[in-house]
Amino acid sequence: MSSPDPLAASRRLIRLTPASDFRNAARPLPEPVSLPIGGALLDTRSRPLRDLRISVTDRCNFRCGYCMPREAFGKDHAFLPQTALLSFEEIARVARLMLSLGVTTLRLTGGEPLLRKDLERLVALLASLRTRDGSAPDIALTTNGSLLRRKARALRDAGLNRVTVSLDALSPERFARMSDSPIAVADVLDGIAAAQEVGLGPIKVNMVVQKGVNDTEIEPMAAHFRNTGIELRFIEFMDVGNTNAWQRDQVLPSGVVRERLAARWPLQTIGVPRPGATAERCSYADGAGQVGFISSVTAPFCGDCTRLRLSTDGRLYTCLFASHGHDLRALLRAGEDDDTIRSRLAALWQQRADRYSELRGRVGMDERERIEMSFIGG
Ligand code: SAM
Ligand code: SF4
Ligand code: SF4
């Protein structure tokens, strides 16, 4: 008799909140404030604004169960119409204003960002912008890698600096089950090779670990990426959105992953590279490279969270677990001038108090509606 499929079992628990309904919960941006002169723009917990994550599409060619389970994102799901999407020019305008407020890193995400037509044109627009100190922004991309072979060179030529590729398994069968798509794991590995060939580095690979689903892939993945210059990062399965049937007992704590790796390949802690970074990093004692651990559930890092997220349709989210966004598109399309928008963006950041991961499990927190990760990106 075949063993029960834990992924299928957890999918039966999915709350069928139509994934589209919740996107509409947006509020206006707060009223303008006078901007601090010089110095960093800080939120209520003294966190500066440093990173803007830009979702360029809500569509994806995968249906990872922890993100876009097919039961909720099937053929009846209403994706955003083209008119709802911010244009590349609108995105670049937002990025320019954000850079003037202290942002230094722009990360393109989705959905699957490489599904957005001519993405390299957006990258070129972003690469022409400057941070407050006059340097070029750091432009990164998070992708499932399936289209990277086709796009890597054009993206690099347009000014993309680096990529992070999501990959949860090497075994073709497990990869197919995790991604719930007909795309072969070999295509993703080839996409990573293409990124390496054109110098889109340092390359990182993100693996979401779901206990009982793909944790047997931990050591094979580590073995595969040792000595490649690619940093593999293990991500704890998170309770993002309302559709992925998250259960705490499917979270394999990073500490356990680390112990398992260290039992085979001794590790040395490097520590967190910079404030706002999400991963704790270790190096292999034998010099085979680095691995990272993103422990959003067991060791929240809200205290250093410097990230703001822009959805495909122009809403701003101050936290991955936010219950509502702020409607920036309305301001952009109403013809507001740069100074007004800029000071309203500043007000939004100054009012920010989010720290969901630190509060997870407290009464009322788990029941709140949350935006889907595929809508605002990772
Ligand atoms: N499609 C692209 C990709 O997969 O890289 C970009 C968007 S995806 C939403 C961004 C990241 O979010 C991926 O690395 C993915 O593994 C991660 N992610 C999505 N759902 C997650 C969950 N429930 N827990 C942890 N990470 C998650
Ligand atoms: Fe698509 Fe990325 Fe979500 Fe997987 S994690 S379904 S590849 S958006
Ligand atoms: Fe940042 Fe929200 Fe995640 Fe905390 S829970 S690290 S505030 S995105």
Would you confirm whether any residue within the range 229-242 is crowded, with 16+ Cβ neighbours inside 10 Å, assigned to a helix (DSSP H, G or I) and away from ligand 3 (no atom under 16 Å from the Cβ)?
no
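In the list Arg63, Arg27, which residue meets the criterion of being of a type outside the set (A, V, I, L, M) and under 17 Å from Asn244 (Cα atoms)? Let's see the steps before the verdict.
On the way: Arg27 fails: under 17 Å from Asn244 (Cα atoms).
So the residue among Arg63, Arg27 that is of a type outside the set (A, V, I, L, M) and under 17 Å from Asn244 (Cα atoms) is Arg63.
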Given (1) crowded, with 23+ Cβ neighbours inside 10 Å; (2) modelled with pLDDT under 95, number of the condition Glu71 does not satisfy
(1)
From the option list Glu173, Glu197, single residue qualifying as more than 15 Å from ligand 1 (Cβ to nearest atom), assigned to a helix (DSSP H, G or I), in contact (Cβ under 8 Å) with a residue 40 or more places away in the chain and surrounded by fewer than 16 Cβ atoms within 10 Å (Cβ to Cβ) is Glu197
Can you report the number of residues in the range 208-253 which are within 18 Å of the chain's Cα centre (by Cα) and on the phi > 0 side of the Ramachandran plot?
1
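Name every residue in the range 131-150 that is more than 16 Å from ligand 1 (Cβ to nearest atom) and among the polar types (S, T, N, Q), in order of residue number. Before the answer, list the steps.
Initially, the range 131-150 is screened for residues more than 16 Å from ligand 1 (Cβ to nearest atom), giving 131-138.
If the condition is that a residue be more than 16 Å from ligand 1 (Cβ to nearest atom) and among the polar types (S, T, N, Q), then Thr131, Ser135 are the ones that fit.
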Qualifying positions in the range 213-244 - among the small types (Gly, Ala, Ser) and within 10 Å of ligand 1 (Cβ to nearest atom):
Gly241
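If you scan the range 141-165, which residues turn out to be of a type in the set (Gly, Ala, Ser) and surrounded by fewer than 21 Cβ atoms within 10 Å (Cβ to Cβ)? Walk me through how you get there before you give the answer.
Let us first name the residues in the range 141-165 that are of a type in the set (Gly, Ala, Ser), namely 145-146, 152, 154, 158-159.
Answer for the range 141-165, where residues must be of a type in the set (Gly, Ala, Ser) and surrounded by fewer than 21 Cβ atoms within 10 Å (Cβ to Cβ): Ala154, Ala158, Gly159.
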Just to be sure before I move on: is Arg107 modelled with pLDDT of 95 or more and either within 16 Å of ligand 3 (Cβ to nearest atom) or crowded, with 22+ Cβ neighbours inside 10 Å (or both) in the structure I sent?
yes
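Considering every residue within the range 142-160, establish whether at least one is within 16 Å of ligand 3 (Cβ to nearest atom) and either over 21 Å from the mean Cα position of the chain (by Cα) or at pLDDT 95 or above (or both).
The initial filter retains those residues of the range 142-160 that are within 16 Å of ligand 3 (Cβ to nearest atom), namely 142.
Okay, now just the ones that are also either over 21 Å from the mean Cα position of the chain (by Cα) or at pLDDT 95 or above (or both), so 142.
Yes - at least one qualifying residue is present in the range 142-160.
Are there helices (runs of 4 or more DSSP H) fully within the range 298-363 with at least 1 residues that are farther than 21 Å from Glu89 by Cα, touching a residue at least 40 places away in the same chain (Cβ under 8 Å) and near ligand 3 (Cβ under 9 Å from one of its atoms)? List them.
Fully inside the range 298-363 and qualifying: 356-359.
Sort out which residues of the range 62-93 are under 30 Å from Gln350 (Cβ atoms) and either part of a loop (DSSP other than H, G, I, E, B) or among the charged types (D, E, K, R) (or both), and write them in order of number. Let's see the steps before the verdict.
Narrowing the range 62-93 to residues under 30 Å from Gln350 (Cβ atoms): 80, 84-93.
Result: Leu80, Leu85, Leu86, Ser87, Glu89, Glu90, Arg93.
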Applying the selection to the range 43-67, what residues are over 13 Å from Ala95 (Cβ atoms) and either of a type in the set (Lys, Arg) or away from ligand 1 (no atom under 11 Å from the Cβ) (or both)?
Asp43, Thr44, Arg45, Ser46, Arg47, Pro48, Arg50, Arg59, Arg63
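Determine, yes or no, whether Glu280 is over 24 Å from Ser357 (Cβ atoms) and either over 18 Å from the mean Cα position of the chain (by Cα) or surrounded by 15 or more Cβ atoms within 10 Å (Cβ to Cβ) (or both).
For Glu280, the condition - over 24 Å from Ser357 (Cβ atoms) and either over 18 Å from the mean Cα position of the chain (by Cα) or surrounded by 15 or more Cβ atoms within 10 Å (Cβ to Cβ) (or both) - is not met.
Looking only at the range 52-61, decide whether some residue is more than 16 Å from ligand 2 (Cβ to nearest atom), hydroxyl-bearing (Ser, Thr, Tyr) and in a loop (DSSP other than H, G, I, E, B). Steps first, answer last, please.
To start, the set of residues in the range 52-61 that are more than 16 Å from ligand 2 (Cβ to nearest atom) comprises 52.
Going one step further and asking which of them are hydroxyl-bearing (Ser, Thr, Tyr), we end up with none.
The answer is no; no qualifying residue exists.
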Checking Met98 against (1) under 26 Å from Gly159 (Cβ atoms); (2) in a loop (DSSP other than H, G, I, E, B), which single condition isn't satisfied?
(2)
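The values are calculated or read from the model by the stated rules, or taken from the named source; none is laboratory data. Quantities reported herein were computed from a predicted structural model and do not represent experimental measurements. Virtual Cβ from ideal backbone geometry, glycine too; neighbours counted across all protein chains shown.
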